[in-house]
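Step one of this worksheet: look at the structure below.
The values are calculated or read from the model by the stated rules, or taken from the named source; none is laboratory data. All of these numbers come straight from a predicted model, not from anything done at the bench. Positions of Cβ are backbone-derived with ideal geometry, glycine not excepted, and every protein chain shown enters the neighbour counts.
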Amino acid sequence: MTTVRTAISRTVIDVNRDPSGASLYPGQATTALCPTETFDGEALYRQGEAPQEAEIAERRAQFFEPYHAALAQEVERLRARCGRVVLYEAHSIRSRVPRLFCGEL
């Protein structure tokens, strides 16, 4: 088993988000590639200090793209070695996040 992970917080950049901004949960609240609020809707930045387009692009180049390149490289390495690969992706999150999900996860 191989693990590919990032050492940075999802509040810097969330490597599990679509960089185009497409929602993972259409019709429900979601968070951005570089979140500006917590899962509870609390601001992560002071007014006017949220990351702008240039900073988001920098974070994407520094963290998001290398993470996904490493993931793709590892999948290809394992596919060459084993023929088949199962990619299991997991998140850690509280069991109750009313803003995002009904009930308990």
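Just for the stretch 58-100: of the residues that are part of a loop (DSSP other than H, G, I, E, B) and of a type in the set (A, V, I, L, M, F, W, C), which one is surrounded by the fewest Cβ atoms within 10 Å (Cβ to Cβ)?
Here the answer is Ala90.
Which residue pairs have Cβ atoms under 8 Å apart, sit 6 or more places apart or on different chains, and have a first residue in the stretch 76-105 that is over 16 Å from Arg5 (Cα atoms) and among the hydroxyl-bearing types (Ser, Thr, Tyr) and a second that is modelled with pLDDT under 85 and loosely packed, with under 10 Cβ neighbours inside 10 Å?
Ser95/Glu104
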